[in-house]
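The values are calculated or read from the model by the stated rules, or taken from the named source; none is laboratory data. Keep in mind the model is a prediction, meaning the values are calculated, not measured. Cβ placement follows ideal geometry from the backbone for every residue including glycine, while neighbour counts extend to all protein chains displayed.
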């Protein structure tokens with residue numbers, strides 16, 4: 001997901017007012033002509049937040065607008081806007097309206113991270129984690145996740161907690177893992193907390209509660225594990241959970257349904273949606 005500015009930091013209150021008006025209009029009409037006009041007026045005043053927002057709006061527009069979108073992100077980046085830099089990185093990472101190039105993406109993510117963007121800190125951490133566009137380095141990934149987490153980004157907290165949990169890029173430290181995963185509170189983080197209590201601490205009561213909360217948040221791995229725990233005592237509920245996980249593209253859940261002779265629902269993955 002790209003950064004989507006909700007306000008302008010421009011010094012001129014009139015510019016900030018036009019931005020607020022444009023943002024409101026865009027909620028009602030994705031390509032509002034008035035909003036576009038207001039943002040263009042702001043861009044003429046050097047408002048880089050307006051460059052980013054108009055770039056976001058045009059990213060899914062017609063061919064000319066898509067091309068302009070990249071130019072707007074680049075201009076915002078050159079003006080020192082970390083969200084413009086991060087959005088340009090994202091476009092290169094996935095090939096959105098430009099050539100896909102993970103090396104360029106990694107460089108831009110790191111630039112945005114150094115500019116103080118917490119989401120970009122997590123992004124470049126992922127690049128180092130998997131060796132996408134850079135040499136793989138769990139140690140560098142850990143350092144970027146730490147910076148992202150300390151800056152308050154939830155996904156950075158979750159990734160950092162996982163690194164502490166597994167001793168990846170740092171020493172294994174379940175207390176630190178639990179601290180960061182608890183601060184995150186995302187469905188994935190709750191699932192990892194469940195794993196700590198179920199598999200490391202031998203506390204099934206607490207572990208199952210975390211797992212239940214993660215499953216309620218539709219995290220597919222939690223749905224899968226809860227289904228496995230319930231299969232013997234409540235087949236119908238287990239099938240429901242497997243089906244929810246399967247809809248999110250979880251291959252193990254699909255396999256489990258097939259082995260039980262249950263119908264497999266259409267996967268979100270087949271519709272081009274991301275796996276949970």
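Can you tell me which of 68, 34 is without any contact (Cβ under 8 Å) to a residue 24 or more places away in the chain, in a helix (DSSP H, G or I), buried (at least 17 other Cβ atoms within 10 Å of the Cβ) and in contact with a helix residue (DSSP H, G or I) (Cβ under 7 Å, 6 or more places away or on another chain)? I'd like the intermediate steps shown before the answer.
Values: 34 fails: buried (at least 17 other Cβ atoms within 10 Å of the Cβ).
Criteria check complete, one pass: 68.
The residue that is farthest from residue 54 (Cα to Cα), counting only those in region 2-25 that are without any contact (Cβ under 8 Å) to a residue 24 or more places away in the chain and not in a helix (DSSP H, G or I), is 11. With respect to (1) modelled with pLDDT under 95; (2) over 18 Å from the mean Cα position of the chain (by Cα); (3) under 30 Å from residue 130 (Cβ atoms), the lone exception for residue 81 is condition (1).
Suppose we keep only residues that are part of a loop (DSSP other than H, G, I, E, B) and over 20 Å from the mean Cα position of the chain (by Cα) within region 163-201. Which one would you say is surrounded by the fewest Cβ atoms within 10 Å (Cβ to Cβ)?
Of all residues in region 163-201, those part of a loop (DSSP other than H, G, I, E, B) come to 167-173, 185-186, 201.
Retained after the next criterion (residues that are over 20 Å from the mean Cα position of the chain (by Cα)): 167-173, 201.
Working: 167: 13, 168: 16, 169: 21, 170: 18, 171: 7, 172: 13, 173: 15, 201: 13.
Restricting to residues being part of a loop (DSSP other than H, G, I, E, B) and over 20 Å from the mean Cα position of the chain (by Cα), the top hit is 171.
Given 61, 55, 84, which one is in contact (Cβ under 8 Å) with a residue 24 or more places away in the chain and part of a loop (DSSP other than H, G, I, E, B)? Lay out the reasoning, then the answer.
Values: 55 fails: part of a loop (DSSP other than H, G, I, E, B); 84 fails: part of a loop (DSSP other than H, G, I, E, B).
Exactly one of 61, 55, 84 is in contact (Cβ under 8 Å) with a residue 24 or more places away in the chain and part of a loop (DSSP other than H, G, I, E, B), namely 61.
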